[in-house]
1. Restricting to Cα pairs below 8 Å that are 6+ residues apart, what does the relative contact order work out to for the chain? Please round to a whole percent.
2. Using a ≥ b ≥ c from the Cα gyration tensor of segment 215-269 (square roots of the eigenvalues), is it rounded, prolate or oblate, where a/c under 1.5 gives rounded and otherwise the larger of a/b and b/c decides, a/b for prolate?
3. Expressed as a rounded percentage, what relative contact order does segment 133-332 have, with Cα pairs under 8 Å and six or more residues apart?
4. List the relative contact order of segment 162-212 as a percent without decimals, with contacts defined as Cα pairs under 8 Å and 6+ residues apart.
5. What does DSSP give for the chain in terms of the percent of beta bridges that are antiparallel, rounded to the nearest 5?
6. Can you show me the helix-derived [θ] at 222 nm for the chain, built from DSSP H runs with n ≥ 4 at -39,500 (n - 2.57) apiece and divided by the number of residues, rounded to the nearest 500.
7. Sort 344-353, 287-296 for me by packing, meaning the mean count of neighbouring Cβ atoms within 10 Å per residue, highest on top.
8. Based on other C-beta atoms within 10 Å, arrange 365, 188 from fewest to most.
Amino acid sequence: MVEEIDVVVIGGGQAGLATSHELDQRGVDHVVLEAREPGSSWLDRWDSFTLVGPNHTVRLPGAAYDGDDPGGFMTRTEVAGHLKAYAGRLGRVREGVPVHRLRRADGAFELRTDDETVRSRVVVVATGAYQRPLRPAAVAGLSPDVPCIDVLGYRNTDSLPDGAVLVVGSGQSACQIAEELALSGRDVVMACGRAPWFPRRVGGRDLFEWLMDSGFYEQTPDQLSSPAARHGANVQATGAGGGHDLHYRTLAALGVRLVGHLAQIDGYTARFAPDLADVIAAGDAGFALLRDIIQSHCRDRGVAVPEIPEPSPLDTSAPIALDLRGFGAVVVATGFRSRYSEWAEIPGLVDEHGFPVHADGESVVAPDLHFVGVHFLRRRRSSLLFGVGDDATATATRVAARLGIPA
């Protein structure tokens, strides 16, 4: 069976739903195909997961946060519920319809689902920024006696076998999981990376509020040091417990043993680079950069510059090898990569880093194929709950114009 649909949005998360809302606003008839149910990807996170940005940063078009705790941090189930309700109001989502293949065919796009083939003139891919957990080659040699769990496989501390835990990674997820494990009484070793950090609150304001006001999230891809920098870690932070400082120094104070980045695991032996001092220095450089951005923003607007203390000293002596016998698990939280090439059969669709090759969100190799919800699609905030709406608006406007629908 072949169904003809003019415009198809693939994905019913925040990007797809925001796009659907904006297409509706422009009178563009369309459907949203969602593999499971709207917001379900948030439920794949661990049990205690919360948003890192305050609730008021949920600014989806037609679904901005309007609750009574704007400075709080929604849980994974609350985020999923918010998106489920959003989808219900839009009425465009077909749940349980995964798209297994996308290709060009006879001047249109052909989408293969479980039960049918859909042909469409225009497709918007909104499958999310977190598609496939990255598992570095360094863990490939780990003995099968020690479970290796990625960030989507971790649920809670009790779900891991007894014993110490090696956490590999340095971003928000790695830090939050390491903190949870340490607070539960686990012995935790953390193989660190070069993630930036910053205090949760400065001058009575939340970090996100400072960075949003300062223009930090307006940074465009061409302003980055290299295309690979799009994979850089977000600033270390947490919304757990109402939001608090979380970085290498707070983790060390909890007893987490910090080591350099993971070089290799051979059986039970984990080897680390002797670079912990360099790693900490890189994170501190990120702190200094954010501090300068905030302070410059204040000076430019003639407002009081908040006091931001220098980071305290941190012991950077660390072993370069570790025997993993008796460890309960290795938890890998080193970020995500795209999986477009696994199901989109369009040569040249993505670059060497897995990002779509596009012009203003539209594929350069497949006109009428658009992307929303991608890291740094147009700017740093493109995939975030307070930024994806603007990209959805731009894409919906572009699609409507292409279809000849009056503005």
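Laboratory data are not the source of any read-out in this text; all were calculated from the coordinates shown. Being a predicted model, the structure only gives us computed values, none of them experimental. In this analysis, Cβ positions are derived from the backbone assuming ideal geometry, glycine residues included, and neighbour counts consider all displayed protein chains.
1. 23 percent
2. oblate
3. Relative contact order for segment 133-332 comes out at 35 percent.
4. Here the relative contact order equals 36 percent.
5. Expressed as a percentage, antiparallel bridges in the chain total about 45.
6. -7500 deg cm²/dmol
7. Peptide ranking by packing, descending: 287-296, 344-353.
8. Going from least to most buried by this count: 365, 188.
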